[in-house]
1. Which condition number in (1) under 19 Å from Y450 (Cβ atoms); (2) open to solvent by less than 20 Å² (accessible area, probe 1.4 Å) is the one that W343 fails?
2. So which of N558, N508 is open to solvent by 40 Å² or more (accessible area, probe 1.4 Å) and either within 30 Å of V683 (Cβ to Cβ) or assigned to a helix (DSSP H, G or I) (or both)?
3. If you go through region 469-478 one residue at a time, do you hit one that is open to solvent by less than 10 Å² (accessible area, probe 1.4 Å), at pLDDT 95 or above, part of a loop (DSSP other than H, G, I, E, B) and of a type outside the set (D, E)?
4. May I ask you to list the residues in region 239-272 that are open to solvent by 70 Å² or more (accessible area, probe 1.4 Å), in contact (Cβ under 8 Å) with a residue 12 or more places away in the chain, part of a helix (DSSP H, G or I) and in contact with a helix residue (DSSP H, G or I) (Cβ under 7 Å, 6 or more places away or on another chain)?
5. Give region 35-48 a look and list any residue that's open to solvent by 40 Å² or more (accessible area, probe 1.4 Å), touching a residue at least 12 places away in the same chain (Cβ under 8 Å) and assigned to a loop (DSSP other than H, G, I, E, B), or say none.
6. For region 289-298, indicate whether the set of residues that are of a type in the set (D, E) and free of Cβ contacts under 8 Å to residues at least 12 places away in the same chain is non-empty.
7. Among the residues of region 480-498, is any in a strand (DSSP E or B), of a type outside the set (V, I, T) and touching a Phe, Trp or Tyr at 6+ places or on another chain (Cβ under 9 Å)?
8. Which one is surrounded by the fewest Cβ atoms within 10 Å (Cβ to Cβ), of the residues in region 443-468 that are touching a strand residue (DSSP E or B) at 6+ places or on another chain (Cβ under 9 Å) and under 26 Å from V89 (Cβ atoms)?
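The values are calculated or read from the model by the stated rules, or taken from the named source; none is laboratory data. Small disclaimer: the values here were computed from a predicted structure and weren't measured. A quick note on method: Cβ atoms are made from the backbone with ideal geometry, for glycine too, and the neighbour counts reach across all protein chains shown. Protein only, heavy atoms only, side chains kept; ligands, DNA and RNA dropped before computing areas. Shrake-Rupley method; radii C 1.70, N 1.55, O 1.52, S 1.80 Å.
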Amino acid sequence: MAELPARPDMTQHTVRGACPHDCPDTCALLTTVQDGVALKVQGNPAHGPTGGVLCAKVSRYPERTYHPDRVLRPLRRAGPKGSGRFEPVSWDEALDDIVSRLQAIAARDPQAIVPYSYAGTMGLVQGESIAARFFHRLGASLLDRTICASAGGEGLVHTLGGKVGMRVEYFAESRLILIWGSNSIGSNLHFWRLAQEAKRNGARLVCIDPRRTETAEKCHEHVQLLPGTDAALALALMHELVVHDWLDADYIERHTLGWEALRARALQWAPERAAAVCGVPAEQIRRLARDWGTTKPAAIRLNYGVQRVRGGGNAVRAIACLPALTGAWRHRAGGLLLSSSGWFPVNQATLQRPDLLAGRQPRTINMSTIGDALLAPASPAFGPALEALVVYNSNPVAVAPESARVVRGFAREDLFTVVLEHFLTDTADHADYVLPATTQLEHWDIHRAYGHTDVLLNRPAIAPLGEARPNTWIFRQLAARMGFDDPCFAEDDEALCRQAFGERVDFNLLMEQGFASVALPEAPFAEGGFPTPSGRCEFFSERLARQGLDGLPDHLPNHEPLGSDPRHPLAMISPPARNFLNSTFVNVHSLRDAEGEPLLEIHAEDAQPRGIADGAIVRVFNDRGEYRCRARVSDRARPGVVNGLGIWWRKHGLAGTNVNEVTSQRLTDLGRAPVFYDCLVDVRPA
């Protein structure tokens, strides 16, 4: 058997670690341990981006690790799929049967086996290291991991050259900050501390968001535009920059590509036109353009809510053009940040070993359309029907769109499903086997961030509880039983942590203090040098044009634009509930008690004619399905738009469903991503 963490000394001590969750902050942790028990988890004050502060969710991490419902033994299904009825079995019994089933399927076609994983942990080791090696060696279908960020990521790649941007710490020195599509107080707390510092020093904060979030309430101004209209707003800002010559002509000339074509397009977007599309006053657009064009340094903190609509990739492209137009990149406190993950020199091929495919080219399954994929018959175009699914670091029955079809797929009696989990989630309830996985306090891992530029090492603070084992251990055991004797499957977790960055990050420093910074200039694009093919900020992307797509950013109306369907006259977005992180923490009682129950925010102008009172139970529905929740009549929603806060586990929903019952499996313009915020519904009293 592979390594397990050694039992700690029987005295109180602290262990350095990293928060594993899908959040840009990637906090450095200090876990206090006594007699082998984790007593508390705190932020590491020595780590600048963390500053000793954790969110309410992660500060309760011991409550999650020691939760009485934790899965601590392998479980085998003992009832109908979805019933959540299981019986405990030994590891040997579970692993032997799983391997027997997978070998029989692989003998017919290994592409009938699909891994399904995402960011239940963001760790490079417990995520896609031994797991990726196992599925590559097997020849299973590949997974297109698109469910969160791929549209925005593609937008950045075709504009800035990668998921790169300004250094987050310098937002504290900005004079104007546009917080675009981000409820930073709830989902990017440590950036919000920097924004507050800038505000105290005289900076102006503007929030651009369809919802009146907690962050919007604390900013000087809120631009409450309609969902899916961000590109139109960005183009109108460009229009005003051109008309008033609030441009840095020298920067544009030396460090951008495609300016004349973009200028022509921007001049088609007068503020009045954008106002009609965005549902905001033209004068507010003019004022915002003046502020952006005349304030130095100015910066944009962009987040992924913007890109969860049909035109999400184009929206990110349009917004990412704005700093180059005004030369904002010249200043270390100017520019834009959506993701910093592209700055990290990860040895991905070393960790994942795609060479184990040995020339095979398996098909790729898009995780965002798993509902359709699970129900698709075998065909020459699709390939073999899916016969087995191995799920780790994800809860697709709760988080994937159009969940009625996802549930139908997972309920197939002829589908063999294995789930690696901490708890009996909605997805685990449909498994044939549930394998107990370790939490972050119980294993090695190494992390990059997407909201700062430090690498973090996670060391195990306690021994695994019960029979829980790291993901890496589970996939090593499966590989051994499959007869995969490649030496790479014998590499232990500390060795994998060392491989992740190789010599490009000082591992001794990571062992000593728990974090190490990636070397990066203070103002990375002050003199251009973008990682695009041209070395410039590409307003026009030749790569997109070669794909038959528009090389310039443009506004693309939603798949389901407001006003297009009289039967479903309300646009719905589904931002995260403040006390959850995607579907994680939903079963932590203190956090679920704080959240209360599934809520739908609806404006009084929409509630009153429907006879909906504050606190009433309502049906939210369209042709895809319906779910029930409690209405909160509130100006957090703008007229015509409702906010369905997620993501609750279906089993904790008011009628056994959640908000994804009504979302669709249609995809974005770039990145093949889901369109969670491009969704028409109606709402009626239940």
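1. All conditions pass for W343, except number (2).
2. Values: N558 fails: open to solvent by 40 Å² or more (accessible area, probe 1.4 Å).
From the options N558, N508, the qualifying one is N508.
3. Among the residues of region 469-478, at least one is open to solvent by less than 10 Å² (accessible area, probe 1.4 Å), at pLDDT 95 or above, part of a loop (DSSP other than H, G, I, E, B) and of a type outside the set (D, E), which makes the answer yes.
4. Passing the criteria: only R263.
5. As a first pass, look at region 35-48 and keep what is open to solvent by 40 Å² or more (accessible area, probe 1.4 Å): 35, 37, 39-40, 42, 45-46, 48.
Now drop any that are not touching a residue at least 12 places away in the same chain (Cβ under 8 Å), which leaves 35, 37, 39-40, 42, 46, 48.
If the condition is that a residue be open to solvent by 40 Å² or more (accessible area, probe 1.4 Å), touching a residue at least 12 places away in the same chain (Cβ under 8 Å) and assigned to a loop (DSSP other than H, G, I, E, B), then D35, A46, G48 are the ones that fit.
6. Within region 289-298 (the criterion being of a type in the set (D, E) and free of Cβ contacts under 8 Å to residues at least 12 places away in the same chain), the answer is no, since none of the residues qualifies.
7. Looking for residues that are in a strand (DSSP E or B), of a type outside the set (V, I, T) and touching a Phe, Trp or Tyr at 6+ places or on another chain (Cβ under 9 Å), one finds none in region 480-498, hence no.
8. Here the answer is G466.
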